[in-house]
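For reference, the structure is listed below as structure tokens.
Taken together, the values in this text are just the output of simple stated rules run on the coordinates, not laboratory data. Everything quoted here is computed from the prediction, not taken from an experiment. Ideal geometry is used to build each Cβ from the backbone, glycine not excepted, and the neighbour counts take in all protein chains shown.
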């Protein structure tokens, strides 16, 4: 299953992600340890096979 997320906010060791197709939908709280190190608010992420990568 592939999805794209946008980093909505970063709060300490966690990031709030929102589904790219539902920008006003619920946020998903994800531990930053599971995300690429160099993310910032607004970063677009690709999620597949239980891994997040920065999308081009």
What does the convex hull of the alpha-carbon atoms of the chain project to on average, in nm²?
3.6 nm²
Gain upon complete extension [residue 10, residue 22; 0.36 nm per residue less C-alpha separation]
2.4 nm
When 27, 43 are ranked with the fewest other C-beta atoms within 10 Å first, the list becomes 27, 43
Can you put 19, 13 in order of Cβ neighbours within 10 angstrom, beginning with the fewest?
13, 19
